[in-house]
Amino acid sequence: MMTFEGLGIDARLIQATNELGYVNPTAIQEQAIPILLSGTQDFIGLAQTGTGKTAAFGLPLLHIIDAAAKYPQALVVCPTRELCMQIVKEIELFKKYMTGISVVAVYGGASIGLQIRDLKRGVQIVVATPGRLIDLIERKAINLEQIKYVVLDEADEMLNMGFQDDIEFILKNTPKRESTWLFSATMPTEIRKVSKKYMKDPKEVIVGKVNTANKNIDHQYYVTTAQHRYDTLKRIIDFNPGIYGIIFTRTKLDAQEISERLTREGYDIDALHGDLTQGQRDKVMGQFRDKTLQLLIATDVAARGIDVQGITHVINFELPDDIEIYTHRSGRTGRAGLQGICISIVHAKEMYKFKQIERINNSQFHKMDIPSGKDVCRKQFFSFMDKLLSADISHGDYETYVPMLAEKFADVSKEDVLKRVAAMEFDRFLKYYEHAEDLNVRERDRTERGKREERGPEMGRRREERSREGARGEGSRGEARTEYTRGASGYSRLFVNLGTKDGFFKASFLQFVLDMSDLKKEVLGKIDMRDMNSWIEIEKGAAQQMIRSLDGKKYKGRSIRMNDADSGGPAGFSSDRSRRPRRGE
Ligand code: AMP
């Protein structure tokens with residue numbers, strides 16, 4: 001296996017990466033670093049975020065920068081302020097043992113005066129968003145004359161955000177550029193054009209699959225129990241009155257049964273599956289196309305080749321096993337520049353699988369609360385009122401009936417008329433949702449709900465409400481407990497090389513480690529999260545199970561390392577007590 005030493009980078013950089021817990025270079029680092037160290041070779045790296053791109057360009061930059069020359073030599077251009085700050089933060093960590101090298105971030109939305117002052121300190125590496133950089137160039141506050149290396153990070157994102165001209169301007173204004181390093185998750189033709197125009201025989205490296213995520217699709221998921229899957233589906237449909245969607249099931253039996261059930265309950269839906277004759281299939285498709293059917297429920301095989309415009313929602317009744325299928329399903333919406341939503345109904349136990357899809361699909365997935373009965377009623381009510389207000393009354397001969405209506409409603413107030421209209425329309429919803437239960441599986445009531453389910457389905461409404469209240473109360477106490485630092489006795493402290501830079505917040509991180517290890521929240525103590533690493537306090541008896549479940553597994557393409565921080569793990573890093581986070585860090 002390749003090591004950082006083997007890549008030929010400065011020993012001081014290796015010392016820093018060792019400290020950060022980097023044992024081996026990631027794929028993009030292994031392939032990019034030897035090329036970039038030459039300083040003169042143009043380079044295109046097709047890699048997604050989370051593959052270690054920052055170090056892939058950050059380490060060679062630090063290696064080849066002339067620390068004695070106090071002017072900007074390298075320019076890193078990236079799409080957002082957040083990314084800008086993140087890159088600077090990482091470069092700062094990498095250069096911990098180097099002296100004389102300065103890096104500065106310049107981005108919009110912050111004081112340009114302070115940034116100009118920073119630039120005057122004699123920095124060698126400037127990390128910038130395109131807009132602010134142009135601003136600084138125009139104010140002559142930055143001199144790009146001596147820039148030798150230009151890194152374009154997340155180039156596709158920058159083009160998506162309309163920065164093409166700015167990037168070309170920057171490339172044109174770096175006359176002494178010796179090499180251009182372009183990183184991108186996708187390779188749209190515009191990037192090809194930019195590279196053809198401004199780069200010389202770039203070496204191209206592709207890591208993993210080139211991401212083709214459709215930015216017009218919002219990926220959402222709802223967590224519920226297996227027994228509530230159907231009710232959750234119904235609630236999602238009811239919560240989206242204007243839905244025009246396709247629901248995917250794994251089997252044709254499911255497609256058929258759900259379709260029949262929903263039809264009985266008054267929904268405009270039909271099923272598409274392999275048992276239909278061509279004539280039946282054409283009929284269903286025709287009705288769906290002309291929107292007589294609001295919903296289509298289909299198996300993957302039967303839905304092959306369907307191309308319908310304007311689909312607002314794709315719903316995965318269950319997650320598919322195959323990630324390709326997920327991408328295929330979700331691609332039915334968000335077409336032709338329209339926005340679309342892809343919803344997945346997942347069981348708490350499927351979360352791990354779901355995270356895999358999330359990682360490979362490289363899209364941001366949003367956890368949503370299953371709407372309550374009240375939410376649904378409110379949504380339906382307002383949607384109906386909007387329809388009422390926008391009803392077209394210009395064509396009918398309504399005027400003729402007005403005197404008659406006026407007489408009939410003489411003693412009824414306008415408010416009462418509205419109430420009656422609402423009652424007629426909403427009776428079904430109000431009755432149905434009057435005692436609707438909470439279908440969400442929340443992290444903290446997973447265990448409790450599991451026990452109840454084992455006991456059988458006889459739970460009454462009051463009992464459900466009680467437990468919901470209980471869950472809420474327990475929740476706040478539970479949170480407090482996580483924050484609370486317990487005494488060391490009885491607890492182990494585990495190190496893990498995942499942190500906020502991996503996209504985790506405390507709650508999602510907690511959920512992740514619990515899902516992976518199948519442990520209960522109660523075994524955990526304090527969680528300390530930093531950018532790249534975290535420390536987890538856990539009951540001694542449960543520590544090994546957690547280590548076994550996480551250590552060596554993959555997250556976003558790289559290996560998770562977890563070990564006992566206090567007993568000195570195999571990597572040795574864990575015994576470095578100086579890295580223990582301070583409170584509030
Ligand atoms: P990036 O793609 O640069 O955002 O990096 C994603 C994450 O991987 C960050 O948390 C980095 O600290 C981490 N990382 C980068 N290179 C390595 C490596 N060689 N070994 C372990 N973690 C790494």
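Here is a yes/no grid of residues against (1) in a strand (DSSP E or B); (2) surrounded by fewer than 18 Cβ atoms within 10 Å (Cβ to Cβ); (3) modelled with pLDDT under 90:
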site	(1), (2), (3)
ASP528	yes, no, yes
MET532	no, yes, yes
TRP535	yes, no, yes
ILE538	yes, no, no
GLN544	no, yes, no
SER549	no, no, no
| note | Apart from one, (1) within 15 Å of ILE246 (Cβ to Cβ); (2) assigned to a loop (DSSP other than H, G, I, E, B) all hold for ARG281; the odd one out is (2)
| field | Residue list for the stretch 4-33, filter: β-branched (Val, Ile, Thr) and within 10 Å of the ligand (Cβ to nearest atom) | value | THR17, VAL23, THR26, ILE28
| said: Here are the criteria: (1) over 27 Å from the mean Cα position of the chain (by Cα); (2) within 8 Å of the ligand (Cβ to nearest atom); (3) small (Gly, Ala, Ser). Tell me which single one SER38 does not satisfy. | reply: (2)
| remark: Within the stretch 471-526, of all residues that are among the hydroxyl-bearing types (Ser, Thr, Tyr), modelled with pLDDT under 80 and away from the ligand (no atom under 16 Å from the Cβ), the one nearest to GLU19 (Cα to Cα) is THR485
| field | Every residue from the stretch 28-51 that is buried (at least 22 other Cβ atoms within 10 Å of the Cβ), touching a helix residue (DSSP H, G or I) at 6+ places or on another chain (Cβ under 7 Å) and not β-branched (Val, Ile, Thr) | value | GLN29, ALA32, LEU36, PHE43, GLY45, ALA47
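This table checks each residue for (1) surrounded by fewer than 19 Cβ atoms within 10 Å (Cβ to Cβ); (2) more than 16 Å from the ligand (Cβ to nearest atom); (3) of a type in the set (Ser, Thr, Tyr).
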{"position": "ILE91", "(1), (2), (3)": "no, no, no"}
{"position": "PHE94", "(1), (2), (3)": "no, no, no"}
{"position": "ALA105", "(1), (2), (3)": "no, no, no"}
{"position": "GLY113", "(1), (2), (3)": "yes, yes, no"}
{"position": "ARG121", "(1), (2), (3)": "yes, yes, no"}
{"position": "ILE125", "(1), (2), (3)": "no, no, no"}
{"position": "LEU136", "(1), (2), (3)": "no, yes, no"}
{"position": "GLU145", "(1), (2), (3)": "yes, yes, no"}
{"position": "VAL150", "(1), (2), (3)": "no, yes, no"}
| task | State all residues of the stretch 269-280 that are surrounded by 15 or more Cβ atoms within 10 Å (Cβ to Cβ) and at pLDDT below 90; if no residue qualifies, say none. | result | LEU272, HIS273, LEU276
| query | Given the conditions (1) out of contact with any strand residue (DSSP E or B) (no Cβ under 7 Å at 6 or more places or on another chain); (2) touching a residue at least 24 places away in the same chain (Cβ under 8 Å); (3) within 16 Å of the ligand (Cβ to nearest atom), which single one is not true for GLU82? | reply | (2)
| Which number in (1) under 24 Å from VAL376 (Cα atoms); (2) among the hydroxyl-bearing types (Ser, Thr, Tyr); (3) loosely packed, with under 15 Cβ neighbours inside 10 Å marks the one condition that TYR221 misses? | (3)
| When residues of the stretch 129-185 are filtered for being aromatic (Phe, Trp, Tyr) and assigned to a loop (DSSP other than H, G, I, E, B), how many remain? | 1
| request: Please tell me if GLY108 is modelled with pLDDT under 90, over 22 Å from LYS53 (Cβ atoms), assigned by TED's automatic domain parsing to the domain that holds SER184 and not aliphatic (A, V, I, L, M). | output: yes
| note | Only one of ALA56, ALA47, ALA67 is away from the ligand (no atom under 14 Å from the Cβ) and assigned by TED's automatic domain parsing to the domain that holds PRO202, namely ALA67
| request: Among the residues of the stretch 294-320, count how many are assigned to a loop (DSSP other than H, G, I, E, B) and modelled with pLDDT of 75 or more. | output: 10
| field | Subset of the stretch 528-566 that is farther than 21 Å from GLY490 by Cβ and basic (Lys, Arg) - its residue that is farthest from the ligand (Cβ to nearest atom) | value | LYS553
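The values are calculated or read from the model by the stated rules, or taken from the named source; none is laboratory data. Quick caveat: nothing in here was measured; it's all calculated off a predicted structure. Neighbour counts run over all protein chains shown; Cβ positions are idealised from the backbone, glycine included.
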